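Chemist: I have a structure I would like to understand better, so I am pasting it below and will then ask my questions one at a time.
The values are calculated or read from the model by the stated rules, or taken from the named source; none is laboratory data. Source: prediction; values computed, not measured. Ideal geometry is used to build each Cβ from the backbone, glycine not excepted, and the neighbour counts take in all protein chains shown. These accessible areas exclude ligands, DNA and RNA; they are computed on the full protein's heavy atoms, side chains included. Shrake-Rupley method; radii C 1.70, N 1.55, O 1.52, S 1.80 Å.
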Amino acid sequence: MFIYWYEKRDFVYNKIMGIKSWTDYFLDMAKTCSSRSNCLRAQVGAIIVGQDKKIKATGYNGTPSGVESCYERGECYRIKNNIPSGTCYETCRSIHAEQNAIIQAGQDRCMGATMYIYGHNFICILCKRFIVQAGIVDVYLKKDDNSEIVHVSVADIKKELEEQTALV
């Protein structure tokens, strides 16, 4: 009973004081991460947060270290050739924000964590595999400041991946 009262009290306190929810707080941080992107097509940021609400790693979409970016080149091959988003990943010079964050954290720091992504409202098939393999349990996405927050459970991602591989 004490836990329920405590959670309810915090909810009321947060509403009165205008304190952000953890989800909004971490999505705002993911938005800040997206500002480091050197991709001409999309600016995406990701943040991995442990169950203790401590940040494990951040990432943004961009070229690997030491590789010339589309920004530096002055053009994006994918834009120039009208390649639809979510297809032909091998033509992209960048690493996705989700992948970058997982690489930075390492699997041991991702296990049981939550990922917050700003700049997209979907997760590509490659990043879904990375997220599952890293041991992340929940993902929250927000496309932009005017969009709703989308929650994706990794259990649902696993089911989706299982269904896709059953077709092959």
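Chemist: At a threshold of 8 angstrom on Cα-Cα distance, excluding pairs fewer than six apart, so keeping six or more, what relative contact order does the chain reach in percent? Walk me through the numbers before you get to the answer.
Modeler: Numbers: 288 pairs, mean separation 34.0, N = 168.
After rounding, I find 20 percent.
Chemist: Can you work out the accessible area per residue across the chain, with the rest of the protein chains kept in place, probe 1.4 Å, in square angstrom?
Modeler: Ligands and nucleic acids excluded, the figure is 63 Å² per residue.
Chemist: Next question. Looking at the chain, what % of its DSSP beta bridges pair antiparallel, to the nearest 5? Don't jump to the answer; show the numbers that get you there.
Modeler: Working: 15 of 20 bridges.
Here the share of antiparallel DSSP bridges comes out near 75 percent.
Chemist: Hey, how many Å between the Cα centroid of the range 126-168 and the Cα centroid of the range 10-87?
Modeler: With the range 126-168 and the range 10-87 each reduced to a Cα centre, they are spaced 16 Å.
Chemist: Stokes-Einstein at 20 °C, 1.002 mPa s, Kirkwood radius from Cα pairs: D for the range 70-127 in µm² s⁻¹?
Modeler: Values: Rh = 13.4 Å.
For these conditions, the coefficient is 160 µm²/s.
Chemist: I've got another one for you. Residues with beta-carbon under 13 Å from that of Gln133, excluding Gln133: net charge, scoring Lys, Arg +1 and Asp, Glu -1?
Modeler: Numbers: positive: Lys128, Arg129, Lys158; negative: Glu98, Asp108.
With Lys, Arg at +1 and Asp, Glu at -1, the neighbours total +1.
Chemist: Provide the per-residue ³J(HN,Hα) series for the range 91-105, in order, calculated from phi with Karplus coefficients 6.51, -1.76, 1.60 and θ = phi - 60°, each as a whole number of Hz, with x at glycine and proline positions.
Modeler: 8, 9, 7, 9, 9, 5, 4, 4, 5, 4, 5, 5, 4, 5, 7
Chemist: Further question on the same structure: What's the carbon and sulfur percent of the range 52-168's accessible surface, probe 1.4 angstrom, rounded to a whole number?
Modeler: Details: 3420 of 6940 Å².
The C+S portion of the solvent-accessible surface of the range 52-168 is 49 percent.
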